[in-house]
Amino acid sequence: MKSLNELIDEFMAFDYRAYNLRLNELEKLRQAFVVRFPILSIADIEIDDYVIGKRYILPSGRESFCYLLERSPLEELGSMRGGTALKFGIYYGQTKNDPTDMYRFKSSFGADHVSAFDGVKRVIVKLLQVASSKNVTGIDNNALSPMFKGKILSTYFPEEFLPVFSEEDIDYFLRKLNLFEYSFYSKKLFEKKQKLLEFKQSHEIFSEWNNQVFMRFLYAKFLNRPYNYDLKTIQMIGAENEKLQLDAINTAIANISDRIIPPPHLGKAELAYFMRSANEKFAALRRADFKCELDPTHLTFTRRSRNPVYINKQYTEPHHLIPIEYHAEYSTNIDISENIVSLCSHCHNKLHYGKDIDTELKQLFKLRESELASIGVTTTFSKVRNYYK
Ligand SMILES: [Zn+2]
Ligand SMILES: [Zn+2]
């Protein structure tokens, strides 16, 4: 299982940047919603500016309070889909058993649609009041459905309420973060939600993120529900990552005096851990243009890789011409791209397991002889040939 820090690193490498780009646009839409439905005017909203279900009847049907919160791009700021439209207290449309389009409402809000709608608005106003005075119990006791309450609060107060609306998800995240306590079994949703928020605000890294980004992290890394980025964003961040990584590799391999420092004498098992630098390996495959150095027409395939520098590159395998178990015979580091060749799987296996390999070995030796000498590795073909006996 990955540690929290590993998950954060993964998230930072891609989602953090990608989602922040999208967030700039979404934040403008959120602000536009708050301007369209100011807290102080909620009591004055007309019924058709509130209900979901009139999008085929009214031109403004896709701009209603409930439609915007549930379906518009604002859904990307936290989703409350699921359940019936009765979660809004009142809606326009059908039920499972009745195909007549009409106002439908929870009778607990009123006896007819006009009084029910007034009841719903009063409850929303009350919700925003108790939220402004940080009365968590008041929020939990409010009569609106829990998902809808969550969405309204995180839309009007994005930094004070996490955009995670399902109690099941909140419990799951608390458990994943080792924050779930026995006493939480008797706690209500918003009480637990605020515990999660307190943790976020006290965390060294999460406290630097806004609630939206934190929500994306929780869903992407704990529930494997990543945000659906558009292709342009994926390519852009991919190119940025590739550039960052290439710059790091190029810097690492530019300094020849560091690269040739021989490693301490190591046993065979330790060698496997301490040598085989990823940068040198990559540099070697890249210089061969990800082709087989014995014959560039040898068949390979495209790599399946999440590492940006390998994406869409041909698959070849790095092979140390002077095998690294003989490193002690040299005063220069041999885990270095000058000693690494790029081979197709067939040729690579032939070198390791084949009977007659003199031709191939000679060809590779000729290819690298002078280059190896230039970094202080002087050897002969017969010496190299003996390593393969
Ligand atoms: Zn090999
Ligand atoms: Zn080959």
Considering segment 121-163 alone, what residues qualify as being surrounded by 19 or more Cβ atoms within 10 Å (Cβ to Cβ) and of a type in the set (K, R)? K121, K149, K151
Contacts under 6 angstrom Cβ, first residue in segment 331-342 being among the aliphatic types (A, V, I, L, M), partner assigned to a loop (DSSP other than H, G, I, E, B), 6 or more apart: I334/I322; V341/E293; V341/L321
Conditions (1) under 26 Å from N255 (Cβ atoms); (2) surrounded by fewer than 17 Cβ atoms within 10 Å (Cβ to Cβ); (3) not aromatic (F, W, Y); number of the one not met by N333: (2)
Residue hits (segment 218-241; exposed (fewer than 15 other Cβ atoms within 10 Å of the Cβ) and more than 23 Å from L74 (Cβ to Cβ)) are N224, Q235, A239, E240
Would you mention how many residues in segment 359-389 are among the charged types (D, E, K, R) and in contact with a helix residue (DSSP H, G or I) (Cβ under 7 Å, 6 or more places away or on another chain)? 5
Members of segment 125-141 found to be of a type in the set (A, V, I, L, M, F, W, C) and more than 18 Å from P158 (Cβ to Cβ), listed by number: V125
Considering every residue within segment 22-35, establish whether at least one is over 30 Å from Q235 (Cα atoms) and touching a Phe, Trp or Tyr at 6+ places or on another chain (Cβ under 9 Å). yes
Set L294, L285: member being at pLDDT 95 or above, in the same structural domain as T379 (by TED's automatic domain parsing), in a loop (DSSP other than H, G, I, E, B) and among the hydrophobic types (A, V, I, L, M, F, W, C): L294
So I322 clears everything in (1) away from ligand 2 (no atom under 16 Å from the Cβ); (2) buried (at least 16 other Cβ atoms within 10 Å of the Cβ); (3) under 20 Å from K243 (Cβ atoms) except one condition, right? Which one? (3)
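Yes/no per residue for (1) part of a helix (DSSP H, G or I); (2) surrounded by 13 or more Cβ atoms within 10 Å (Cβ to Cβ); (3) within 16 Å of ligand 2 (Cβ to nearest atom):
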site	(1), (2), (3)
N312	no, no, no
H327	yes, yes, no
L351	yes, yes, yes
L364	yes, yes, yes
K389	no, no, no
Please specify each residue of segment 65-102 satisfying the condition of being outside any helix (DSSP H, G or I) and under 17 Å from V114 (Cα atoms). G89, I90, Y91, Y92, G93, D101, M102
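Does R71 count as under 28 Å from K106 (Cα atoms) and surrounded by fewer than 18 Cβ atoms within 10 Å (Cβ to Cβ)?
The answer is yes for R71.
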When the residues of segment 46-57 are narrowed to those that are out of contact with any Ser or Thr (no Cβ under 9 Å at 6 or more places or on another chain) and at pLDDT 95 or above, which ends up surrounded by the fewest Cβ atoms within 10 Å (Cβ to Cβ)? E46
Answer yes or no as to whether E338 is within 14 Å of ligand 2 (Cβ to nearest atom), buried (at least 18 other Cβ atoms within 10 Å of the Cβ) and not in a strand (DSSP E or B). no
Which of the numbered conditions does K362 fail, given that it passes all the others? Conditions: (1) within 15 Å of ligand 1 (Cβ to nearest atom); (2) modelled with pLDDT of 95 or more; (3) over 42 Å from the mean Cα position of the chain (by Cα). (1)
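Need a quick list: helices (runs of 4 or more DSSP H) entirely within segment 121-195 having at least 3 residues that are over 27 Å from the mean Cα position of the chain (by Cα), at negative phi and touching a residue at least 12 places away in the same chain (Cβ under 8 Å).
Working: elements: 136-141, 146-156, 167-176.
Hits in segment 121-195: 136-141.
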Would you mind telling me which numbered condition in (1) within 16 Å of ligand 2 (Cβ to nearest atom); (2) aliphatic (A, V, I, L, M); (3) free of Cβ contacts under 8 Å to residues at least 40 places away in the same chain L294 fails? (3)
I'd like the full set of residues that are of a type in the set (V, I, T) and buried (at least 17 other Cβ atoms within 10 Å of the Cβ), limited to segment 288-310. T300, V309
Failed item in (1) modelled with pLDDT under 85; (2) surrounded by 15 or more Cβ atoms within 10 Å (Cβ to Cβ), with I256 passing the rest: (2)
Out of (1) assigned to a helix (DSSP H, G or I); (2) surrounded by 15 or more Cβ atoms within 10 Å (Cβ to Cβ); (3) in contact with a helix residue (DSSP H, G or I) (Cβ under 9 Å, 6 or more places away or on another chain); (4) not charged (D, E, K, R), the odd one out for Q201 is which? (2)
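The values are calculated or read from the model by the stated rules, or taken from the named source; none is laboratory data. Just so it is clear, the model here is predicted, and its values are computed rather than measured. No Cβ is skipped: glycine too gets one built from the backbone with ideal geometry, and neighbour counts run over all protein chains shown.
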